[in-house]
Amino acid sequence: MRDTVAILLLVLGSGCTSPQTTSRAPSGAPTVILVDHRREDDPRFSADERALISRAKHFLERRSHTKLDAYYKVERTADGYEVYIERISGYEGSQPLSAPGSGSIIELRNDGSFIRYLPGE
């Protein structure tokens, strides 16, 4: 009986954590992909754009329970902004790799509040 309880606790305990990825871009990784998607700390983003990217990134990290490695693009719309996110799944040398459907869009109002999430397909 004690063995059964110990095994049950081990199985339950091991399933309680979410995998965490802390992928960082390797040295030599490009600063721009897909013509206009850049790293969140790219100096060409304004302070306001960086704040929008931070909100979008936080939303996706909370949703997936993982650290996000991605490239971003911000566009102004009639309702506010769209933050385009291209998730990176890994690297081949210094070249970022992304899977089909890894791009998504988060729409935010001018004040940075959430409108909607459009996942990649």
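Residues in segment 25-62 that are under 16 Å from Ile106 (Cα atoms) and free of Cβ contacts under 8 Å to residues at least 12 places away in the same chain: Asp48, Arg50, His58, Glu61, Arg62. Tallying residues that are outside any helix (DSSP H, G or I) and out of contact with any Lys or Arg (no Cβ under 9 Å at 6 or more places or on another chain) within segment 43-66 yields 4.
For the residues Ser98, Ser89, Ser102, the requirement of being under 19 Å from Glu121 (Cα atoms) and in contact with a Pro (Cβ under 9 Å, 6 or more places away or on another chain) singles out Ser89. Restricting attention to segment 37-50, the residues being exposed (fewer than 13 other Cβ atoms within 10 Å of the Cβ) and not polar (S, T, N, Q) number 5.
Taken together, the residues in segment 81-98 that are free of Cβ contacts under 8 Å to residues at least 40 places away in the same chain, out of contact with any strand residue (DSSP E or B) (no Cβ under 8 Å at 6 or more places or on another chain) and in a loop (DSSP other than H, G, I, E, B) amount to 0.
Do we find a residue being within 26 Å of Gly28 (Cβ to Cβ) and at pLDDT below 90 anywhere in segment 102-116? Within segment 102-116, one or more residues are within 26 Å of Gly28 (Cβ to Cβ) and at pLDDT below 90.
The values are calculated or read from the model by the stated rules, or taken from the named source; none is laboratory data. Every value quoted in this text rests on a predicted model; they were computed, and no experiment measured them. Positions of Cβ are generated from backbone atoms using ideal geometry, with glycine treated the same way; all protein chains shown enter the neighbour counts.
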